[in-house]
Amino acid sequence: MQTYGKNHQSLAKAIFKEDLGKIIDSNEWILVDIRMPLDFMEGHLKGALNITTQDELQILLKDNPDKKILFNCYSGHTVSLLGNDLVNSGYTNVYFLDEEISVCLGFLGEQK
């Protein structure tokens, strides 16, 4: 299978900082931040949901089969691994942010 990413490799397609402008306000996408809640509260991508449990993740995936879902973490590493698992489980609508979130927050994020 083909892998994607510059910084981290994944079976999920990679998204980069320069792609966020067209994604942030699009209703085709759901943004999911898997970082710890306190870190999420300190700053996150505009409109992102903070999902930290497997149950929440499964509900989101089940309820949104027609949406593109972009996952972010701190550096892109954890979500690249999550992307592998989800693609191997049959999901084709999953993407990962292959960037440090701290770089992206100044670009299009919400910060406290």
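The values are calculated or read from the model by the stated rules, or taken from the named source; none is laboratory data. A quick note: this is a predicted structure, and the numbers were derived from the prediction, not measured. Note that we place each Cβ from the backbone using ideal geometry, even for glycine, and neighbour counts take in every protein chain shown. Surface areas here come from the heavy atoms of the whole protein model, side chains and all, with no ligands, DNA or RNA. Shrake-Rupley method; radii C 1.70, N 1.55, O 1.52, S 1.80 Å.
One table, with the values for the structure above:
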read-out: Where the chain is the region considered: accessible area per residue in Å², 1.4 Å probe; value: 56 Å²
read-out: Whole-percent pair-distance distribution, where bins are 10 Å wide, for the alpha carbons of the chain; value: 15, 52, 31, 2, 0
read-out: Extension gain, residue 91 back to residue 27 (0.36 nm per residue minus Cα-Cα distance, nm); value: 21.1 nm
read-out: Cut-off of 10 Å, at most 16 other beta carbons, DSSP loop: longest stretch of the chain lacking such chymotrypsin sites (Phe, Trp or Tyr not before Pro); value: 17-73
read-out: Apportionment of accessible area to carbon and sulfur, the chain, percent (1.4 Å); value: 51 percent
read-out: Estimated distance in nm for a label pair at residue 64 and residue 41, the labels positioned 7 Å out from Cα along Cα-to-Cβ; value: 2.3 nm
read-out: Dipole magnitude of the chain about its Cα centre (Cβ charges: Lys, Arg +1; Asp, Glu -1), debye to nearest 20; value: 180 debye
